[in-house]
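The values are calculated or read from the model by the stated rules, or taken from the named source; none is laboratory data. On a predicted model such as this, the values are computed, not experimentally measured, just so you know. Neighbour counts are summed over all protein chains in view; Cβ atoms, including those assigned to glycine, are modelled from backbone coordinates with ideal geometry.
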């Protein structure tokens, strides 16, 4: 596939639209006008005559499909009420929207059978868009824009609306100087077939002490920055990788250090992604409880032993049940479980068996993921070796997941989408009404700044008045992270000093 555009800064955005219709590995940016015989080409041009309009033409080697799009009047002047910097960002956002929708509608003519439940949306947070439109124009106008301009299906629009309603009081409770804290443990016991995270396996040769010492230094520096700017910690999240690859003493040391550095209060939400049952022990659970952890995840992904072995999970369904019961006995009253719809060799019946087990356990939160085949995963490298369920089956699996959550009394409370997902679908987090995870909402909806610690973690500052977000990434490579803790903190300090 080739792409010609007069706005090269939107190249990646238009490529995301192209991949809604066809899984081309690469899109070549070219300068030529006109069509190339025998080759597929998309031309997407933003109007140079002022205003917000764009045109697109798709040539598949034989036929031409075209569309011209103009932004509706209700949005065309939305940048005028913002600051100069905010107006420039808004102008670019609206230009990008025009060129993407023009490209989407031209391609839709060429690929009328493509599964497009989210219409032209390619971003990972549809709920953020719906909330933003609602704040600007009111609920009815926002829903009409999502329906008519972005062509979101009624089912997905209903899902997004329900999530926005659940999130509304949580987001309203964020105070001006609130921040969240993320602490990353990029190590696992084994690597799952579908995993694309920049994590390492913990072995007997792993120098965990060097990493933990750097991490504690990073936390100390971040806590000093928070104190300097009068920032209060609203929620803290220990994620991975798999944090419970740490020993009992390492977990205790790290959690105690973080709590003392940041001064976590009784109101601070503290979550640990315990995740894999093969890393959970009674002693570790007691350490978490002692350190004030009030939320944990115990993630089956599936309750079918055959699939667990296939994807590289070194445990069985019985281990999941045992860990869950142990956590309840120790006193954890907020437990999340993650499932994945669309795993290799799985059927709708497999998903139903898994969900029946989940219902019998009755967790407080349930996250239903749709399998995304990332380029850096082993699954992508060996895709021909595995039989994946068809999109129609994956859709039914996620519907079964929603039914299970509703049966348990849960509501959908956050959602995000990823590239390369089956059927252009989504991941949805469900929760009992009083067990919603603040950190998940804050992070997914970009409503709270984050001080992030650990290799590959992302520091983020939200400039709410300007609708602007700036980020400082920590190095993904563990050795580089250890070496550059102070240098990365200097960049983080500049970010929070603007």
Boolean, residue 145 is closer than 21 Å to residue 412 by Cα, crowded, with 19+ Cβ neighbours inside 10 Å and in contact with a helix residue (DSSP H, G or I) (Cβ under 9 Å, 6 or more places away or on another chain): no
Sole exception among (1) in contact with a strand residue (DSSP E or B) (Cβ under 6 Å, 6 or more places away or on another chain); (2) at pLDDT 95 or above; (3) not in a helix (DSSP H, G or I) for residue 101, by number: (3)
Among (1) under 19 Å from residue 197 (Cβ atoms); (2) within 25 Å of the chain's Cα centre (by Cα); (3) assigned to a helix (DSSP H, G or I) - the single one residue 211 does not satisfy: (2)
Verdict on residue 211 being at pLDDT 95 or above and crowded, with 20+ Cβ neighbours inside 10 Å: yes
Number of the exception - residue 455 against (1) under 30 Å from residue 17 (Cα atoms); (2) in a loop (DSSP other than H, G, I, E, B); (3) modelled with pLDDT of 95 or more: (1)
Sole residue being outside any strand (DSSP E or B) and touching a residue at least 24 places away in the same chain (Cβ under 8 Å), chosen from 273, 352: 352
Subset of the stretch 93-120 that is without any contact (Cβ under 8 Å) to a residue 60 or more places away in the chain and more than 28 Å from residue 62 (Cβ to Cβ) - its residue that is surrounded by the fewest Cβ atoms within 10 Å (Cβ to Cβ): 93
Test: residue 446 is surrounded by 15 or more Cβ atoms within 10 Å (Cβ to Cβ), assigned to a helix (DSSP H, G or I) and touching a strand residue (DSSP E or B) at 6+ places or on another chain (Cβ under 7 Å): no
Residue within the stretch 64-84 that is at pLDDT below 95, under 16 Å from residue 14 (Cβ atoms), outside the structural domain of residue 420 (by TED's automatic domain parsing) and surrounded by 14 or more Cβ atoms within 10 Å (Cβ to Cβ) present: no
Unmet criterion (only one of (1) over 17 Å from residue 275 (Cβ atoms); (2) assigned to a loop (DSSP other than H, G, I, E, B)) for residue 343: (1)
Residue match in the stretch 170-191 (condition: in a strand (DSSP E or B), within 18 Å of residue 276 (Cβ to Cβ) and without any contact (Cβ under 8 Å) to a residue 40 or more places away in the chain): no
Complete set of residues in the stretch 294-316 that are assigned to a helix (DSSP H, G or I) and surrounded by fewer than 19 Cβ atoms within 10 Å (Cβ to Cβ): 305, 306, 309, 310
